[in-house]
Amino acid sequence: MRILIIAVGKRTEHWISLFAALADQPGTELTVYAADVSALTARALHELASDQKRFRYHVVPHLLGEDRTGHMASVMFHPGSGRRLLSRRPDVVHIIGEAAYLSTRQAIRLRNRYWPGVPVTLYAAQNVVMRFPFPFPILERRTYRAVDHAFPITPSALRVLRTKGYRGPATIVPLGVDTDRFTPREAPRTHPFTVGFVGRLEPHKGIGDLLRAAERVDCDLLIVGDGSLRGEVERAASDRPGRVELRPWADHAELPALMNRMHVLALPSVEIVQRNLVPWIGIPLREQFGRVLVEAMACEIPVVGSDTGDIPHVIGPSGLVFPAGDADALADRLGQIRDDPALARRLAASGRSRAREEFSWRRIAEALHCAWQRLATPVGRLRPCRPPDCPPPSAYHRQDRIERSPE
């Protein structure tokens with residue numbers, strides 16, 4: 001079975017582990033067609049293609065990149081770049097991008113022109129109903145009519161799909177973690193209690209709340225990332241010499257070792273309103289998943305997150321949650337984990353189990369591969385939702401079927 005995955009966006013490094021797991025599926029040939037990706041992603045794609053004979057990729061030129069507009073919806077593949085895909089007809093086209101994206105519309109037009117009838121599936125992460133300006137709503141409706149199966153990453157994303165008019169079948173499939181790479185350290189942590197953060201240093205990540213909470217708890221702070229608030233973190237490091245450490249972006253080969261220096265990982269995100277697509281339209285920005293949470297869980301590190309977006313849903317019973325924007329409450333949760341070793345051990349063990357059972361990229365790849373096999377086989381589309389040879393669904397991998405309305 002030949003799978004073509006089409007993706008845009010700079011922050012796509014975490015997909016590499018999924019691509020590797022998909023390429024390991026029996027009888028699968030995987031091709032990735034991407035634009036406007038980061039240098040880390042391009043290098044990781046090259047390394048995967050060198051190691052895996054059944055994996056191919058094309059990083060192609062783009063127009064209207066995210067750097068110019070501030071939003072991935074505007075990214076477009078350079079005209080004519082899709083011709084390099086014509087030598088191999090896919091059995092399924094999977095789009096990593098929201099329904100309203102210009103690149104998503106380009107992907108569907110590519111399918112319609114060169115491979116009519118090939119099933120299309122769509123990743124969906126939006127957990128708030130966004131009303132884009134013209135012409136994006138038109139593109140969105142056309143995408144919903146063209147998609148054969150949607151894969152929202154959370155129940156909130158599924159609700160947004162239904163609210164905005166998607167009536168096709170859907171399966172909730174979360175983001176995942178490479179549980180072979182993200183593993184617990186063998187030696188106990190004997191250094192001072194350290195709170196970790198991994199991500200963009202931007203206002204919606206709650207960086208200010210994290211710095212204030214760490215000072216109140218009097219703990220060390222290890223921050224991995226970069227962004228517009230880098231200066232604020234550097235000032236905190238200067239004010240607390242030796243207690244605040246800032247590390248640049250790390251790829252997935254380096255990140256597990258950095259995470260294993262942490263006693264707890266915090267994700268103190270807050271909701272803000274973006275106005276970078278057009279200034280007169282505010283777009284709520286709410287944490288859609290919090291992938292670093294499951295990576296920390298896989299390393300058997302307790303997690304603390306705010307109650308914004310889908311953070312509480314991802315944490316589940318395996319961490320502590322506090323009201324977004326409340327630095328005192330964050331300090332309280334961090335103090336609980338520092339001062340109660342039994343609680344820390346219980347959360348760590350629960351998180352490790354949750355990561356392996358529900359968020360493993362290998363398990364997610366099996367679920368996607370099974371769904372794609374069913375779509376690629378005309379007879380298979382009439383079978384029950386989960387054939388006997390498919391992996392059993394976890395709490396996450398559940399189906400939501402609504403008959404497609406007539407077009």
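The condition of being surrounded by fewer than 23 Cβ atoms within 10 Å (Cβ to Cβ) and within 19 Å of the chain's Cα centre (by Cα) holds for only one of 99, 42, 34, that being 42. Apart from one condition, residue 73 fits all of (1) assigned to a helix (DSSP H, G or I); (2) crowded, with 22+ Cβ neighbours inside 10 Å; (3) modelled with pLDDT of 90 or more; the exception is (3).
Annotation for the stretch 345-358: no member residue is surrounded by 23 or more Cβ atoms within 10 Å (Cβ to Cβ), on the phi < 0 side of the Ramachandran plot and in contact with a Leu (Cβ under 7 Å, 6 or more places away or on another chain). Quick one: is residue 42 farther than 20 Å from residue 122 by Cα and not in a loop (DSSP other than H, G, I, E, B)? Here the answer is yes, as residue 42 does meet what is asked. Return the pairs, sorted by first residue and then second, in which the second residue is assigned to a loop (DSSP other than H, G, I, E, B) and crowded, with 22+ Cβ neighbours inside 10 Å, the first residue lies in the stretch 112-123 and is in contact (Cβ under 8 Å) with a residue 60 or more places away in the chain, the beta carbons are less than 8 Å apart, and the residues are 6+ apart or on different chains. So the pair list comes out as 121/147. Annotation: of all residues in the stretch 359-392 being β-branched (Val, Ile, Thr) and assigned to a loop (DSSP other than H, G, I, E, B), the one that is modelled with the lowest pLDDT is 379.
Is it the case, given these coordinates, that residue 165 is surrounded by 22 or more Cβ atoms within 10 Å (Cβ to Cβ) and farther than 23 Å from residue 17 by Cβ? No; evaluated as a whole, the condition is false for this residue. Being not in a loop (DSSP other than H, G, I, E, B) and not β-branched (Val, Ile, Thr): is that true of residue 237 here? Judged against the criteria, residue 237 is a match. So in the stretch 197-226, with the set limited to residues that are part of a loop (DSSP other than H, G, I, E, B) and on the phi < 0 side of the Ramachandran plot, which one is nearest to the chain's Cα centre (by Cα)? Going through the qualifying residues, I end up with 200. Can you work out which of the residues in the stretch 168-196 that are small (Gly, Ala, Ser) and assigned to a strand (DSSP E or B) is surrounded by the most Cβ atoms within 10 Å (Cβ to Cβ)? If we take residues in the stretch 168-196 being small (Gly, Ala, Ser) and assigned to a strand (DSSP E or B), then 196 is surrounded by the most Cβ atoms within 10 Å (Cβ to Cβ).
Right, residue 356: assigned to a helix (DSSP H, G or I) and without any contact (Cβ under 8 Å) to a residue 24 or more places away in the chain or not? No; evaluated as a whole, the condition is false for this residue. In this structure, does residue 118 turn out to be at pLDDT 95 or above and in a loop (DSSP other than H, G, I, E, B)? Judged against the criteria, residue 118 is a match. In the set (1) under 17 Å from residue 367 (Cβ atoms); (2) in a loop (DSSP other than H, G, I, E, B), residue 132 fails one condition alone, (1).
The values are calculated or read from the model by the stated rules, or taken from the named source; none is laboratory data. These figures come from a predicted structure and were not determined experimentally. Note: ideal-geometry Cβ built from the backbone for every residue, glycine included; neighbour counts use all protein chains shown.
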